[in-house]
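The values are calculated or read from the model by the stated rules, or taken from the named source; none is laboratory data. Keep in mind that what you see is a predicted model, and the values were worked out from it rather than measured. All Cβ positions, even for glycine, are placed from backbone atoms using ideal geometry, and neighbour counts span all protein chains on display. Keep in mind that these areas ignore ligands, DNA and RNA; they rest on the heavy atoms of the full protein, side chains included. Shrake-Rupley method; radii C 1.70, N 1.55, O 1.52, S 1.80 Å.
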Amino acid sequence: MPFVSIRLAGTASKQQKAEIVADVTRSLVERLGKNPAAVQIVIEEVSTENYGAGGQLIADRDAPTAQSRGDAHAEPGQ
């Protein structure tokens with residue numbers, strides 16, 4: 001019985017997750033000949049505040065800067 005675990009940084013819609021499950025199941029059926037009823041898939045959404053890469057939190061890396069928010073009075077680096 002295939003068991004697939006997928007972790008996503010952030011969130012996905014219910015429709016997106018349903019499509020991922022369908023795509024992964026179809027791939028295992030086509031490539032490995034698995035019974036689709038036996039394929040189990042877990043999608044775990046990891047908060048970007050709980051996930052880091054390159055020495056910083058993804059939430060901080062992806063946060064808009066003061067300049068991109070249009071905040072002309074913000075101090076540099078804020």
Q | Output for the range 43-55, where each listed residue is open to solvent by 60 Å² or more (accessible area, probe 1.4 Å) and closer than 22 Å to ALA12 by Cα | A | GLU44, GLU45, GLU49, ASN50, TYR51
Q: Just give me the residues in the range 56-78 being in a loop (DSSP other than H, G, I, E, B) and either open to solvent by 70 Å² or more (accessible area, probe 1.4 Å) or modelled with pLDDT of 95 or more (or both), in sequence order.
A: PRO64, THR65, GLN67, SER68, ARG69, ALA72, HIS73, GLU75, PRO76, GLY77, GLN78
Q. Taking the range 1-42 only, how many residues are open to solvent by less than 60 Å² (accessible area, probe 1.4 Å), part of a loop (DSSP other than H, G, I, E, B) and in contact with a helix residue (DSSP H, G or I) (Cβ under 8 Å, 6 or more places away or on another chain)?
A. 4
